[in-house]
Structures are given as structure tokens and as C-alpha cells.
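Below is one structure, written out as C-alpha cells, with a few remarks after it.
The values are calculated or read from the model by the stated rules, or taken from the named source; none is laboratory data. Because the structure is a prediction, the values reported are computed rather than measured. Cβ placement follows ideal geometry from the backbone for every residue including glycine, while neighbour counts extend to all protein chains displayed. Protein only, heavy atoms only, side chains kept; ligands, DNA and RNA dropped before computing areas. Shrake-Rupley method; radii C 1.70, N 1.55, O 1.52, S 1.80 Å.
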Amino acid sequence: MMDNNPEECSVCFNNYDDTLLRPRTLPCGHPFCSQCIDNAIKNGQLSCPSCRAQHTATAATQFPISYGMEAFIRKLKGMEVVPVKTVPTKPNKAPTRGISKKLRSMVQEQKSSISCLITSCEEVLSQLGEYRGQLGDWKTQHLQLQDRLYALVEQNKSAMKLLELEDTSVVDMTTQGEEGKTQLQAMLGSLDTVNTVQEVDTTIDTADECSMKVEDWRQKCQELFPDVNTVHTSVKVEDLRRMREPVKSLVEAGRVVAVQEDQDGRRSARITLQDGQLYLHPLLRQPTPAHAHTIQESDVVGVLDPSCTLAFLDLGWAGSTRGRVTIRLTPDTPVARQFVLLCTGQRGHTFRNTKLLGVEYKGYPGEYVVGGEYESNDGKGGAPLLPDLRGRYRQSGQAGAVRSWWWPLEGPRSAQFAIATRDRQAGHQWPYVFGDVVSGLDVVRAAVNHSDITEVTVVDCGVVLPL
């Protein structure tokens, strides 16, 4: 989209100036005023308001001034149309006082030369600014690579520690098995040498006791090591809640998954840790990762507190994920429970890979987006997963309200939802509100401004697990 007001900052819409509102160019190429850049920096990170690219920054002064933009704005101001007044022409009169015409010509030539040099200076400064921005991008890329390498080293340390623990467990079980085997072999020898009824009874009782111990050992081995090609052990809910080592390292390495068994086989869901929050992703029919540690999906979902359930939707377009939208669901409402089912995939269906269907009242009060069509992804489906969606729902006219889009609640599109991106006019409210966006509303608003809303998809979804 072309910017019809290049002299304005696209965030605050104020004209650039040569003090607080000087234009500066981000490494992604988008210019904003210094004040808006400072305001957008959070925790050493800056998310570009136009393309959402992430840049490391602590102050706006780290980004180069857009001298080319400033020169262009000065040129625009110089081209402003000045009303022409009709005045009688008067013959030019030579100045009666001051310097001579020859000296005045020399002054004008010098001024023209200096002006050309200033323009040339600004062009070179602009090029240097762009080059510095490119250097900043390269530096960021290398720092990110360095961080990934450090993370891999730490994951490798955790993996080695887990392998050592697993190896210790195998050694212990092997020792028990060898002892049991030796005892069974001894029982065979004893049974060959019995001569009396009492000896037979005693030896058989001892053999039975030994056999039971060995059988218990064998079953325990099958539970602990079901596949010799996969390290596959269980994690408990208490371990996740405490989030201590080595479980924390397992989660950070992506090696803890929730599983659900049904008549069609096994499904698994990722569990991830980000910014101190534990996230449960949707159940999918996919192979359980090698060296995975599993926990039952029902156990994980069982720890959710209905009074503080948080769900999330990751939105993406143009080939990349743009951000996470976190929603606090209203407790004890059927549509909120249905929303959780579609975020976790417990009933087989999920919001994952669904697209946003449209924008209503775009640019006006009450603007909202619609999504949630999990069946055919064309807006005609989204049947309810629960038999009765009636209940006591809130009303709201505030931006960020999440509500059922289909009225009444019963119908073929009852799973479709709407997220408000602008407040409604005073006195007007939406019914059937079952949640509110607590973070990521800017991501939804950015999706609204995308050229085609149907290209925006729910790349991933899930719920936040309380620690």
C-alpha cells in the first residue's frame, strides 16, 4: 500500500521534525519517528509496527536517521503551491546600496555550491545509514545463531544427563534380572535333587516366589522400556507443576508430550515452555518423538482451573507466524468449554490451520474478525461439539471481546467466533461474550490490515497450563 503522507510517522501521524520526531529507519526498511520507536521498545526488543519483524534495541538512537527522508520532506515543502497574486509588474531597480552585482553573483554561486554539497552529504549519510542498518541485521542474525548454538549445547547437556539416568536405570534392572535368572537356575538344580515330599513342597514354594519376582521384573521392564529404539518414560503432573530439573530441560528440549489413546490409535500434543508459561498444543496424529517422555492428556487437562483458563491462537500470514493471541475465557460457559476443546483437539477437531473468514465494519467502531470454521474452512461449517451451548453469558462493547458469532447458539456454525478489534459506539454491546484478549490484540489488528483476511490462518493453538 502506498503511503500518501510520507512526511508523517505512520504510528502517531505527526509530521517529522528535526528534534523528537526525527525519522529513523529500522533494519527491516520501515521509517518511524524517534519518539514512537522509543515507546515501542520493550525488554530490549522492538517489533516493527508495519511488518512485525523483531529487532534488538534499547533506544531509538541505535537506528540511523533517515537523511534521505528528511531531504525528501524538505523538497516536498519547497514544492508547495503558493497562491499567485496578480500585481502590476515593476521594472527591477538596481540596489542603491550594498555590494556590487559582480560580488552578488559570486555569493550566489557560493551558496549554490554549498547547497549542492549539502544534498550530496545527505545522500551519502543516507547510504551510510542503510549500510549500518544492514550491518545491524547481520549482527542480529549472528547473535541469534549464537543463541541457538548455546541452546543446542545446553539441550545436549540435558540430553546426556537424561541418557545417563536412563543408563543407570537399565543397569539396575539388568542386575535385578541377572539375580533373578541365577535364582531360577538354582531352583532347576534344586528340583533335580529333591528326595522327600517336604523337600518338594519347600522347593516348589521357593521356586514360585522366585518366579513371581522375575515375572514382576519382566513386566516392569516392558513398562519402562517398551521399545529398545526409543527412550520413552513417563512424566507426572506434579513434575510439570514443580518444573524442576531435569523435567524443565526436557520441556525446553521439546521432549515432553501429552498422549491420548482411542480406537483409532495414539495422538500426541506438544508441551512447550515460553516466557515462564507452560503451553499445551493440540493433539495431532503424529509419531511420538524419539526419546520422548509422555503424560496422559487427560491428566494434563485435569489441572486446568476453570476460573482462570487461558487459551491461545498463533496467527500467521505471508508464510510466517506473526504473533500469539492469548484469551482469558469466562468460567463455566459452554461456549468457552467448547473453545478449549477446539484449542486442544480433545474431540478430534481443532482450530489449527483454520483461516479467518472475514472482517466486519472495517475501519469503523465495532470492527471485528470472524474465524473458527474447523470443518470445511469455507465459512459454512463449524458445528457445535457440545449438545447444549445455552448458559449465562456476558455482554461487552469493548475491543478484545471474544464472542460467539453465530446467533442463536444452536446451529451449523456455532463453533465460529468473533474477536472485536475496536470498541462499539457508546450504549451498544455484543451478546454471548465468553472471553477477552489479554495479549496480542495488536496481532489481530495487524491481521485486519492485511490485504486479504482469508490469507490469515491459525498456525497453532492450545491452552496455558498453570504452574
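Number of residues in the range 417-441 that are open to solvent by 70 Å² or more (accessible area, probe 1.4 Å) and either of a type outside the set (Ser, Thr, Tyr) or outside any strand (DSSP E or B) (or both): the value is 9. For a quick check of your reading of the model, give me the residue pairs whose first member lies in the range 113-129 and is more than 19 Å from Phe63 (Cα to Cα), whose second is part of a helix (DSSP H, G or I) and of a type in the set (Gly, Ala, Ser), with beta-carbon atoms closer than 8 Å and at least 6 apart or on different chains. Filtered contacts from the range 113-129: Thr119/Ala71. One residue stands out in the range 5-23 among those that are at pLDDT below 90 and part of a strand (DSSP E or B): the one that is surrounded by the fewest Cβ atoms within 10 Å (Cβ to Cβ), namely Asn15. Looking only at residues in the range 286-321 that are at pLDDT 80 or above and open to solvent by 60 Å² or more (accessible area, probe 1.4 Å), the one that is nearest to Val458 (Cα to Cα) is Thr321. Condition check for Val153 on (1) closer than 30 Å to Leu250 by Cβ; (2) at pLDDT 85 or above; (3) open to solvent by less than 90 Å² (accessible area, probe 1.4 Å): one failure, at (2). Do we find a residue being part of a strand (DSSP E or B), of a type in the set (Phe, Trp, Tyr), in contact (Cβ under 8 Å) with a residue 40 or more places away in the chain and in contact with a helix residue (DSSP H, G or I) (Cβ under 8 Å, 6 or more places away or on another chain) anywhere in the range 358-369? No, the range 358-369 contains no residue that is part of a strand (DSSP E or B), of a type in the set (Phe, Trp, Tyr), in contact (Cβ under 8 Å) with a residue 40 or more places away in the chain and in contact with a helix residue (DSSP H, G or I) (Cβ under 8 Å, 6 or more places away or on another chain). The single condition from (1) under 25 Å from Val448 (Cβ atoms); (2) over 14 Å from the mean Cα position of the chain (by Cα); (3) not in a loop (DSSP other than H, G, I, E, B) that Asn353 fails is (3).
All of (1) of a type outside the set (S, T, N, Q); (2) within 22 Å of Val448 (Cα to Cα); (3) within 22 Å of the chain's Cα centre (by Cα) hold for Leu342 with one exception: (2).
Residues in the range 27-42 include at least one that is assigned to a loop (DSSP other than H, G, I, E, B), modelled with pLDDT of 85 or more, touching an Asp or Glu at 6+ places or on another chain (Cβ under 6 Å) and within 30 Å of Trp317 (Cα to Cα). Of all the criteria given as (1) in a helix (DSSP H, G or I); (2) under 25 Å from Ser439 (Cα atoms); (3) modelled with pLDDT of 80 or more, the one not satisfied by Leu240 is (3).
For the range 384-416, the set of residues classified as open to solvent by 80 Å² or more (accessible area, probe 1.4 Å) and within 19 Å of Gln346 (Cβ to Cβ) consists of Pro387 only.
May I ask you to verify whether Glu178 is closer than 30 Å to Ala292 by Cα, open to solvent by 80 Å² or more (accessible area, probe 1.4 Å) and at pLDDT 85 or above? Yes: the conditions hold for Glu178. Residues in the range 451-467 that are over 25 Å from Tyr279 (Cβ atoms) and assigned to a loop (DSSP other than H, G, I, E, B): Ser451, Asp452. For the range 322-363, which positions are polar (S, T, N, Q), within 17 Å of His281 (Cα to Cα) and open to solvent by less than 40 Å² (accessible area, probe 1.4 Å)? Correct list: Thr326, Gln338, Thr344, Thr350, Thr354.
Taken over the range 57-73, the criterion of being among the aliphatic types (A, V, I, L, M), buried (at least 19 other Cβ atoms within 10 Å of the Cβ) and closer than 24 Å to Thr140 by Cα is satisfied by Ala57, Ala60, Ile65.
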